[in-house]
Amino acid sequence: MRYNPASKKAEEFINNEEILSTIEYAKANKDNKELISSLINKAKDCKGLTHREAAVLLECEIEEENEKMFALAKEIKQKLYGNRIVMFAPLYLSNYCVNGCVYCPYHHQNKHISRKKLTQDEIAREVRALQDMGHKRLALETGEDPINNPIDYVLESINTIYSIHHKNGAIRRVNVNIAATTVENYRKLKEVGIGTYILFQETYHKENYEMLHPTGPKHDYAYHTEAMDRAMEAGIDDVGIGVLFGLNLYRYDFIGLLMHAEHLEAAFGVGPHTISVPRIRPADDIDPDNFTNAINDDIFAKIVAVLRIAVPYTGMIISTRETEETRRRVLDLGISQISGGSCTSVGGYAEKEAEEDNSAQFELNDTRTLDQIVNWLLAMDYIPSFCTACYREGRTGDRFMTLVKAGQIANCCLPNALMTLKEYLEDYASEDTKLKGEALISKEINNITNEKVRSIAKEYLGELHNGKRDFRF
C-alpha cells in the first residue's frame, strides 16, 4: 500500500510504512536544533505543520526548543481562541453494545455491568436536569447495538432533546458520538440537526486495533477508519476525531491523528472540526494497568501543545477523565472545549445511580459541579462559553474555517461567549460565580474590537439582564 492522503482507502491515507518511517525520521532528528528551530519558526504563521514535522517537535529533547514550543502553543491558542473555553456535557442514552472492545466496560461479554437504555421520557428528565445546571451543548453517546440502539432510536432521542424547553433552558446543539454507520444514516443525522459527528479511532495501528476489537462490527478497521469520509459525503461537514491514548504507542497514534486530519483536508477541503485527547481510565471490568502504553502528564501536555501548533484552527477537547490539575495545565496549551458536571452513567443526571447499578463507561477524575468549574475558569480569567451560534448560523465546515483563517470569527466568538456566559450567570450561577462572571464581562466587553459589534453586544447584555434570552451574532 502506498501513502496517499487523498485516497478513500484507510490503509493508504493512514499508511503504516509512512508512520513507521516518520517515527524513525523524528527520532533521528530529536537533537537537530537547526531543523527544530526552523519548524517552530514556520509554525508561527498559524498555517500548521505536516505530520512528519509535528513528529520531530514531539520527539525533541532540547529543553530550550521545548520551551519555545510551549510558548508558541500558548501564543497560537490565545491568538485564535482568546481565553474562551466552550462548555459541554456527555449524555449517555444506552450501554447495550454488541462489540467486544477489550478496554470498554460496555463490551458484550461483561455480564455484571448494569445494562440500561433510556426511554424518551427518561431522556426528557435527563435533559431537564442538564438544563437546570445551565448546559446548552451535549455530546450524545450510546453503545453499538442494532436491536437496542437502532438509528431510529438515536434520531427520536435527538428530536426529544431539542424539544425540551424547561424554564429558561434549551439544548441548542447536540453533537453525536455513535458507532460508524452508513452514508444514508449520516444523512438522517444531518437532517435532524446534529452539530459535530464525533468518532474516536481508539488506535490507528491496524493490527493492534483488530486485537483490541476482537468481535463485533467495530472489528472492521477500514469501515471504522473511513467513517468520517461517509459522514462528510452525507453532508456533515463538522466532524471530530480522536484516539484513546494508552491503548497503543503514543507516537504512532499522534502521527495517525495528524494523517487523518491531512486526509480530510485533501479529500474534502476541510479538516476535522475537533480533536479529542482522552487517556484510558479505570472502569467496571477494565484495569488500565493491563495496558502498558500509558503516557505521563508531561508527554500528555506536549502532545496537546504540538497538536495546537500543527492544526491551529482545529478545536481541542478534554474531558473529566483528567484531573483538575491536568486540565489546568493544558488549557492554555491548546484546549478549547471541556466538559463540566459530567456523568458517564446511563441516566445519572436526573437521579444519582446506586453503586450496585453501575452503568458508567469510565471513572471521572474531575467530579466538580458545572458551577464549580465555571467559577474555577473565571478565577483564571477564562471565559466559560455556552455558545452554539456558528452551527445555528450555518458557519460550519469550510465556511467556518474560512472565517477563522481570515481572522473574522473573533467578531462573533467573543460577544457570543460573553452573552451566553451572561445567560448562565442570570439563570444558574451561585452568588460568588455571578460576581466573578460580571466582573469578567465588564472587562472583556472592551476587547471587542469592532465598535458596532461592541455596542450591540452591550445592548444585548442589558436585555439579557431584563429577562430576554438567546441573542447571537
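How many residues, within the stretch 372-425, are surrounded by fewer than 17 Cβ atoms within 10 Å (Cβ to Cβ), at pLDDT 95 or above and not small (Gly, Ala, Ser)?
Residues flagged as surrounded by fewer than 17 Cβ atoms within 10 Å (Cβ to Cβ), at pLDDT 95 or above and not small (Gly, Ala, Ser) within the stretch 372-425 amount to 3.
Residues are listed down the side, and each one gets a yes or a no for (1) outside the structural domain of SER276 (by TED's automatic domain parsing); (2) closer than 22 Å to GLU226 by Cα; (3) among the acidic types (Asp, Glu); (4) in contact with a strand residue (DSSP E or B) (Cβ under 7 Å, 6 or more places away or on another chain):
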position: ILE158; (1), (2), (3), (4): no, no, no, yes
position: ILE161; (1), (2), (3), (4): no, no, no, yes
position: ASN168; (1), (2), (3), (4): no, no, no, no
position: VAL176; (1), (2), (3), (4): no, yes, no, yes
position: LEU189; (1), (2), (3), (4): no, yes, no, yes
position: VAL192; (1), (2), (3), (4): no, no, no, no
position: LEU199; (1), (2), (3), (4): no, yes, no, yes
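Any chance the stretch 328-335 includes a residue that's farther than 20 Å from TYR197 by Cα, hydrophobic (A, V, I, L, M, F, W, C) and at pLDDT below 95?
Looking for residues that are farther than 20 Å from TYR197 by Cα, hydrophobic (A, V, I, L, M, F, W, C) and at pLDDT below 95, one finds none in the stretch 328-335, hence no.
From the residues in the stretch 195-229 that are among the hydroxyl-bearing types (Ser, Thr, Tyr) and assigned to a loop (DSSP other than H, G, I, E, B), which one is farthest from GLN109 (Cα to Cα)?
The extreme case among them is THR196.
Counting only residues that are in contact with a helix residue (DSSP H, G or I) (Cβ under 7 Å, 6 or more places away or on another chain) and buried (at least 16 other Cβ atoms within 10 Å of the Cβ), which one in the stretch 141-161 is farthest from GLU423 (Cα to Cα)?
GLU144
Please verify whether SER339 is in the same structural domain as LEU138 (by TED's automatic domain parsing), closer than 30 Å to ARG115 by Cβ, modelled with pLDDT of 95 or more and surrounded by 16 or more Cβ atoms within 10 Å (Cβ to Cβ), treating the condition exactly as stated.
yes
For the stretch 175-196, check the following and say yes or no: at least one residue is of a type in the set (D, E, K, R) and buried (at least 19 other Cβ atoms within 10 Å of the Cβ).
no
Please go through the stretch 418-444 and give me each residue that is in contact with a Lys or Arg (Cβ under 7 Å, 6 or more places away or on another chain) and charged (D, E, K, R), ordered by number.
GLU423
Would you confirm whether any residue within the stretch 94-109 is over 22 Å from TRP376 (Cα atoms) and either among the basic types (Lys, Arg) or not assigned by TED's automatic domain parsing to the domain that holds ASN248 (or both)?
No, the stretch 94-109 has no match at all.
For the stretch 228-278, which positions are in contact with a Phe, Trp or Tyr (Cβ under 8 Å, 6 or more places away or on another chain) and basic (Lys, Arg)?
Hit for the stretch 228-278 is ARG230, nothing else.
Of the residues that make up the stretch 86-94, is at least one touching a Leu at 6+ places or on another chain (Cβ under 9 Å), crowded, with 19+ Cβ neighbours inside 10 Å, assigned to a loop (DSSP other than H, G, I, E, B) and at pLDDT 95 or above?
Checked the stretch 86-94: no residue is touching a Leu at 6+ places or on another chain (Cβ under 9 Å), crowded, with 19+ Cβ neighbours inside 10 Å, assigned to a loop (DSSP other than H, G, I, E, B) and at pLDDT 95 or above.
Looking at the stretch 230-256, which of the residues that are within 29 Å of GLU191 (Cβ to Cβ) and either at pLDDT below 95 or part of a helix (DSSP H, G or I) (or both) is farthest from the chain's Cα centre (by Cα)?
GLU233
List every residue pair whose Cβ atoms sit under 8 Å apart, with the two residues 6 or more apart in sequence or on different chains, where the first one lies in the stretch 17-44 and is assigned by TED's automatic domain parsing to the domain that holds ALA73 and the second, anywhere, is of a type in the set (Ser, Thr, Tyr).
Between residues of the stretch 17-44 that are assigned by TED's automatic domain parsing to the domain that holds ALA73 and residues that are of a type in the set (Ser, Thr, Tyr), the close pairs are GLU17/TYR3; GLU18/TYR3; ILE19/TYR204; ILE19/TYR252; ILE23/TYR252.
Which condition from (1) under 30 Å from ILE151 (Cα atoms); (2) touching a residue at least 24 places away in the same chain (Cβ under 8 Å); (3) surrounded by fewer than 21 Cβ atoms within 10 Å (Cβ to Cβ); (4) not aromatic (Phe, Trp, Tyr) is the one that GLN109 breaks?
Only one criterion in (1) under 30 Å from ILE151 (Cα atoms); (2) touching a residue at least 24 places away in the same chain (Cβ under 8 Å); (3) surrounded by fewer than 21 Cβ atoms within 10 Å (Cβ to Cβ); (4) not aromatic (Phe, Trp, Tyr) is unmet by GLN109, namely (2).
Residues in the stretch 6-20: is at least one among the β-branched types (Val, Ile, Thr), over 27 Å from THR274 (Cβ atoms) and part of a helix (DSSP H, G or I)?
For the stretch 6-20, residues among the β-branched types (Val, Ile, Thr), over 27 Å from THR274 (Cβ atoms) and part of a helix (DSSP H, G or I): absent.
Quickly run through the stretch 426-473 and pick out the residues that are buried (at least 17 other Cβ atoms within 10 Å of the Cβ), without any contact (Cβ under 8 Å) to a residue 12 or more places away in the chain and over 28 Å from the mean Cα position of the chain (by Cα).
none
The values are calculated or read from the model by the stated rules, or taken from the named source; none is laboratory data. Fair warning: this is a prediction, and the values are worked out from it, not measured in the lab. Backbone-built Cβ (ideal geometry, glycine too); neighbour counts: all protein chains shown.
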